[in-house]
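Any read-out appearing in this document is the output of simple, stated calculations on the displayed coordinates, not a laboratory observation. The shown structure was predicted, so the numbers you read here are calculated from the model rather than taken from an experiment. Don't worry about glycine lacking a Cβ; one is built from the backbone with ideal geometry, like all the others, and counts go over all protein chains shown.
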Amino acid sequence: MHGSADAAAFTAGLAKLGFTPGQIVQEFGWDEDVDEALRVGVEDVVGSPLEDESYGEGADGVLVWFRSFDGDLVDVLVDALTNLVDRGCLVLATPRADQDGHVEPSEIEDAAVAAGLHPSGVANLSREWALQRLVAPRSQRR
């Protein structure tokens, strides 16, 4: 981040996605290609390091990095929901249209619905990654 205005906008964007101070955020699909500035931004907002895929306690939020060649998006989303506590946020990061591994919006929509979620906002916080918040419908009871 360059200036304090940029940093404030970045933090506001992360809050829009559902990241808030005190959350435990679990991360799925990390690899060398992820946006480290975004990861650090989430850690700064929540005030703790991101937990990895082996984390077994309840998570308040999930950050999923997914590329078109990473397998079945529905399976990945269902796995990511396993530790997510009530009303937690799930943020899906996929490569932008001009990047290797891009996932079509219709595929994201279909996978979200199949996993019992629906898209609920996007944030433009990364040059390489598109970020989308996915939430469970409010009326659904588990």
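Annotations
- Dimensionless Rg over Rh [the chain; C-alpha; Kirkwood]: 0.93
- Rg over Rh, two decimals, region 70-142 (C-alpha only, Kirkwood Rh): 0.96
- Here Ala97 and Asp44 are evaluated by their C-beta separation; at R0 = 35 Å the FRET efficiency comes out at 0.80.
- Only helices enter the 222 nm calculation for the chain: every DSSP H run of n ≥ 4 contributes -39,500 (n - 2.57), and dividing by all residues gives -9500 deg cm²/dmol, rounded to 500.
- Percent of beta bridges antiparallel (DSSP, the chain, rounded to nearest 5): 50 percent
- For Asp31 and Glu104, the difference between the fully extended length at 0.36 nm per residue and the C-alpha to C-alpha distance is 24.2 nm.
- The residue list Gly58, Phe28, Ala97 was ranked by how far each Cα lies along the charge dipole of the chain toward its positive end, using unit charges on Cβ atoms, and Gly58 comes out on top.
- Ordering of 52-62, 87-97, 122-132 by burial proxy (mean other Cβ atoms within 10 Å per residue, highest first): 87-97, 122-132, 52-62
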